[in-house]
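First the structure, in the form of structure tokens, and then the observations on it.
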Ligand code: NDP
Ligand code: MG
């Protein structure tokens, strides 16, 4: 039986690499993958190419106008075209798929994540915002439905790999996430004020979508990942460390009770964690290149600069306060990153706006997804309001 995949965000950085992985697995015949569904927001052109190449049963486009355009262009194909937020949820819960890879960017991935879990799909999760905003609901729903969440984010995949075959949870002392430090590692505060989107979009080691690339530059990404790790591995944030590792070769580590540290290493190539999430527990030949340690010579580690990059601590504090505070911090960040990309605010305004929105959010628990969506909406409108007066 092939693995039948619903791929949300197929036109993005993770999505296109996931298709490369799937197509290579099919070519080698080691692990057949059938692409059952593809979903995106509005990139009709690329989605059409993918659909013609891979013949999925269905596609979903978030933008209804894009869905109409897609139907026009593909009248010769026998394919179901879903649309809007509901269409994305239907794609996530598609009957003809058994695994859903959620690789859309942003909080908009939360409802599809919940839909996949309720339909008892195995969930390969790249969309970290889902766990940051709605962690308690997602983890509880996964538990109730007996659903496995397989991490795609490289740090979390690394930790997941380090934990394979390890003794019971009590033996784990600490998780240690590595961070590249982004393009502005070591920069003075004054220089950071003047950073442009063009500069921030140049990541030293990874080629990713725009939003996560900005998150790496502010280190918000690492803050989001601390929260993501807390939910995935049931770990309080005070037992999750962060070290800057410029080379992005050690993808993260686990420290055990006896102080042994197990690290997962590999070339900085997302195709490796994507493939592991699809083929788990199997390890198969991968398109990712082999590691040549002597060629690298040395690996370096530094303390993160929490003062110059305040987003890391803002996220940790948000998680410590708990309830809907991380959802507010995440929503504020999404809105602030958008404004920064549109050159409406400066680089250092991003942490300011995230802090302001998190501070205004009471730490009440989310009883349902709508509570998370409401906290997200409030945080975004607070950011827009404050940005107007900057
Ligand atoms: P991209 O911006 O490259 O791609 C985003 C994808 O999501 C596109 O397919 C886009 O469709 C789709 N999308 C966006 N909004 C919607 C929507 N409202 N409805 C349906 N689809 C939507 O992002 P990345 O691939 O870089 O990141 C995806 C997720 O993975 C993020 O959560 C990110 O944090 C995480 N991640 C990414 C890594 C990476 O290396 N890129 C590494 C680790 C985690 P369209 O093209 O039509 O806009
Ligand atoms: Mg990561």
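Taken together, the values in this text are just the output of simple stated rules run on the coordinates, not laboratory data. In this text, all values refer to a predicted model and were calculated from it rather than measured experimentally. We place every Cβ from the backbone using ideal geometry, glycine too, and count neighbours over all the protein chains shown.
Things to note:
- At 0.890 mPa s and 25 °C, Stokes diffusion of the range 190-271 via Kirkwood alpha-carbon radius, µm² per second: 168
- If the convex hull is drawn through the Cα atoms of the range 143-238, its volume per residue in Å³: 134
- Alpha-carbon Rg with Dmax, taken over the chain, Å: 20.2, 62
- In plain terms, the chain from residue 293 to residue 210 could stretch by 26.9 nm, reckoned as 0.36 nm per residue minus the Cα-Cα distance.
- Shape summary of the range 1-126, radius of gyration then Dmax from alpha carbon positions: 13.1, 39 Å.
- Rh (Kirkwood; distinct C-alpha pairs) - the range 9-56, Å: 11.0
- Ellipticity estimate at 222 nm from DSSP helix runs (n ≥ 4, -39,500 (n - 2.57)) divided over the chain, nearest 500: -14500 deg cm²/dmol
- Averaging 1/r across all pairs of distinct Cα atoms in the range 243-327 and inverting the result yields a Kirkwood radius of 16.0 Å.
- At 1.306 mPa s and 10 °C, Stokes diffusion of the range 155-201 via Kirkwood alpha-carbon radius, µm² per second: 114
- Histogram of C-alpha separations across the range 279-390, 5 Å bin width, %: 2, 11, 17, 15, 12, 8, 9, 11, 9, 5, 1
- Label-point separation, residue 381 to residue 95 (7 Å along Cα→Cβ), nm: 4.0
- Across all C-alpha atoms in the range 55-152, the radius of gyration and Dmax reach 13.9, 44 Å.
- Overall Cα dimensions of the range 210-362 - principal axes, largest extent first, Å: 47, 38, 31
- For residue 190 and residue 73, the difference between the fully extended length at 0.36 nm per residue and the C-alpha to C-alpha distance is 37.1 nm.
- Label point 7 Å beyond Cα of residue 301 along Cβ direction - residues of the range 226-256 with amide nitrogen under 20 Å: 226-227, 229-230, 236-256
- For the range 1-93, the relative contact order comes to 27 percent (Cα pairs under 8 Å, sequence separation of at least 6).
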